[in-house]
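Where a number appears in this text, it was derived from the coordinates with a stated rule and is not lab data. Source: prediction; values computed, not measured. Virtual Cβ from ideal backbone geometry, glycine too; neighbours counted across all protein chains shown.
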Amino acid sequence: MTKRDIKLNSYFYFLTFLLILFLSNKTVIAKDEKRFKQVDAIGRAVLIADDIQTSRKRALEDALYLAALKGGADISGFSAISSNTVINDQSVVTATNRVIDFKIIKEEQDKEFLSIKISAVVGSKMSNKNCKVRPINIALLRGSFNSETNIPSKLSRKMSQWYNNIYYIISKSPNVKSANYKNKSLDQIIKSNINPTFDYNALTNGLPSIQAGNYSVVPELSLVADNQSNTHSNYLLKVSLNIYKGNNFELVTVKTYDLPIQYEVKSNFQFIRNISTLNIDLIDKIVFQHLNVLASNFLQELNCNPLEGKLILTNGELRVDIGKKQGLRDKQIGIVKGLNIKNSMLSNSSVILHTDKIFDNYSIVSPLNDKIKLDNLNNLIVEFAE
């Protein structure tokens, strides 16, 4: 390889480095940790005097491609080598993200070219699990506890304590704002919500304020005999959490956590049973630890659920039924899927929304593309990127 070839090769790799740096905007890797981001891009095309629409389409396609590159790019290259001499260097630049939605900001023409400036949101697919720590609002409703008749009295008497521990542990969990309504049953609240004017309980005690983005939990405990062992008297503490979402109490999931308790050795001799019986204070500690793990697990699952809400068109404004208390932030990006957009340059049917005003339990949102009709979004679900 001659000195001239080495020089040209070094110059090529230097230009490639600058291109990567430009595309990444901040890093050499050309990847952004954020899943979605908003970028501006300008596309240009040769002005065809008798076919302005073709020029517009080409300029817009150029702008969309540049916007996708700004979202991230992979750069690969190859060299053609002859007699140990580099005779041709080639590089391929491929966008790693796609344009989700865009709007045209400005269009300009001169004698030779037509240019279009767009504002676009680019990114990859939504993650199945966001797993972001956010505020969780939970109404703790009346549950139930019971034990079989053949359960030792020491264990049976502990059921009410363990039942109350669930309310205590959930209410003391980080990032949880709970409301204790354990004196009100779910059926009672649903019936009262149907017609609170004529409901005595609603008039005298009031109704729990449960918002669309909040959760309700109904715990159920039962203690049953587990006769699988021939040597020990075993029991099974079954803890179920019925988890509902929103003010229409949609059942999200039922989480069940079983805790086996090896209580005493089976024997005809009272002395052996007495000395083998597990200390009730130790059982208390084991159960309390089990309930802590239970609360941590189900709250983690709620954090991993997507932050989403229902869109409602009210007085010309597009509202979503979640707000600051559910973890929504100013200018947060949301995506609505399942729309049939006519004359769209994009191959998908997604619309990007931004939060404009955020209140405690609802927010005002607007589409990035102001040509989207708001009534087409009414009653649809928006999922927010985090």
Pairs beyond 21 Å (Cα-Cα), from Lys132/Lys245; Lys37/Lys117; Lys132/Lys371: Lys132/Lys371
Which whole-Hz couplings ³J(HN,Hα) result when phi for each residue of segment 375-382 is put into the Karplus expression 6.51 cos²θ - 1.76 cosθ + 1.60, θ = phi - 60°, listed in order with x for Gly and Pro? 5, 6, 9, 4, 6, 8, 9, 10
How much length, in nm to one decimal, is gained on full extension between Asp110 and Asp40, taken as 0.36 nm per residue of separation minus their Cα-Cα distance? 23.1 nm
Nitroxide proxy distance, nm - points 7 Å out along Cα→Cβ at Lys371 and Asn146: 6.3 nm
What list do you get for Thr355, Thr253, Thr314, Thr149 if you sort them by fewest beta carbons within 10 Å? Thr149, Thr314, Thr253, Thr355
Cβ-based exposure ranking for Ile189, Ile52, in which fewest neighbours within 10 Å come first: Ile52, Ile189
Sorted from fewest to most neighbouring beta carbons within 10 Å, what does the list Ser147, Ser350 look like? Ser350, Ser147
For segment 46-61, Karplus-derived ³J(HN,Hα) couplings (6.51, -1.76, 1.60; θ = phi - 60°; whole Hz; x for glycine and proline) come out as 5, 7, 9, 4, 9, 8, 5, 5, 5, 4, 4, 4, 5, 5, 5, 4
With r as the distance between the Cβ atoms of Glu317 and Ser185 and R0 = 25 Å, compute the FRET efficiency 1/(1 + (r/R0)^6) and round to 0.05. 0.10
